[in-house]
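Bear in mind that the values in this text are calculations on the coordinates, not laboratory data. Because the structure is a prediction, the values reported are computed rather than measured. Don't worry about glycine lacking a Cβ; one is built from the backbone with ideal geometry, like all the others, and counts go over all protein chains shown.
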Amino acid sequence: MKYQAPANKQELMQRANTLTGTTVQQLANKMEVDVPESLVHAKGWFGNLLEQYLGAEAASAPEPDFINLGIELKTIPIAENGKPKESTYICVAQLEPAALSSWEDSLVKHKLTEVLWIPFEASKTIPVALRRIGSPILWKPDFEQERQLKNDWQELCDLIALGDVDKISSSMGTYLQMRPKAANASSLTIDKNQPGSNALTLPRGFYLRPSFTHSIISSN
DNA sequence: GCGTGATCATAA
DNA sequence: TTATGATCACGC
């Protein structure tokens, strides 16, 4: 089962609000799918289920999930202490020289134009099916948040442009970090910023640190 | 392999 | 306990 795309923001929020306080099992029942015992082999399962229920359309394209609304959908796993349990994946880190200079034209900026966060319980002690879904949070980065993200993005992209992508560590970046994003550590992609031109490197992606997403969900 | 959806697992 | 580095699944 898959629902139609919402016509506007209000429709999207109404639909998201129907999930508040319900369990993963209840959503799975609506969608007529089984809940996996563990997420070890189903890491993106909940995110995909939510996309189906809310009518997201972008699928695997590098665009916001609700293209017509310019809104990205993100699930946010919450630990017992009320804080995000994981960092949030945003998008692939492009290595093409042309993608390294303009924050305004970047994938990160486009993905984070407006985000619908769906918090849910992610404690290992709670069976997946019984985890509860929280209130949706519609968020846009404010001036200060965007400034911080842009700073981190620019710093990381400058290193890539200099051919130093392999010197980038996950510990860099205050709110935005760059980490491996691949099938495994043997994956390779072309890095045209190297003098040799045909250099290969591990594919990476941009992620939001939990401290950043925590500030988002706690202020709403 | 690329880009999406993410969480896992272990070193620190 | 936490964050880094690695990994799982899927469509194309």
Self-check item: Count of residues meeting criterion [surrounded by fewer than 19 Cβ atoms within 10 Å (Cβ to Cβ) and not polar (S, T, N, Q)] in the range A:109-119
Solution: 3
Self-check item: Single match in A:Leu69, A:Leu12 (criterion: part of a loop (DSSP other than H, G, I, E, B), farther than 26 Å from A:Leu156 by Cα and more than 7 Å from DNA strand B (Cβ to nearest atom))
Solution: A:Leu69
Self-check item: Residue list for the range A:107-150, restricted to those being closer than 15 Å to A:Thr88 by Cα and small (Gly, Ala, Ser)
Solution: A:Ala122
Quiz item: For the range A:77-194, which strands (runs of 3 or more DSSP E) that fit wholly inside it have 1 or more residues that are closer than 30 Å to A:Met13 by Cβ?
Solution: A:88-92, A:115-121, A:137-139, A:176-180
Quiz item: Of everything in the range A:170-197 that's closer than 17 Å to A:Pro210 by Cα and of a type in the set (Gly, Ala, Ser), which residue is farthest from the chain's Cα centre (by Cα)?
Solution: A:Ser171
Quiz item: Quick check, is A:Glu63 assigned to a loop (DSSP other than H, G, I, E, B), farther than 13 Å from A:Trp153 by Cα, within 16 Å of DNA strand C (Cβ to nearest atom) and in contact with a strand residue (DSSP E or B) (Cβ under 6 Å, 6 or more places away or on another chain)?
Solution: no
Quiz item: Only one of (1) basic (Lys, Arg); (2) within 13 Å of DNA strand C (Cβ to nearest atom); (3) within 22 Å of A:Phe212 (Cβ to Cβ) is not met by A:Lys124, so which one is it?
Solution: (3)
Quiz item: Can you spot a residue in the range A:130-151 that is under 20 Å from the mean Cα position of the chain (by Cα), of a type in the set (Asp, Glu) and within 16 Å of DNA strand C (Cβ to nearest atom)?
Solution: no
Self-check item: Residues (in contact (Cβ under 8 Å) with a residue 12 or more places away in the chain, surrounded by fewer than 19 Cβ atoms within 10 Å (Cβ to Cβ) and hydrophobic (A, V, I, L, M, F, W, C)) located in the range A:121-136
Solution: A:Ala129, A:Leu130
Practice problem: Would you please name the residue that is farthest from DNA strand C (Cβ to nearest atom), looking only at residues in the range A:195-220 that are on the phi < 0 side of the Ramachandran plot and assigned to a loop (DSSP other than H, G, I, E, B)? | Solution: A:Pro195
Quiz item: List, please: which pairs have Cβ atoms under 9 Å, are six or more places apart or on different chains, and start with a residue in the range A:31-48 that is within 24 Å of A:Thr18 (Cα to Cα) and end with one that is near DNA strand B (Cβ under 6 Å from one of its atoms) and of a type in the set (D, E, K, R)?
Solution: A:Gly47/A:Lys74
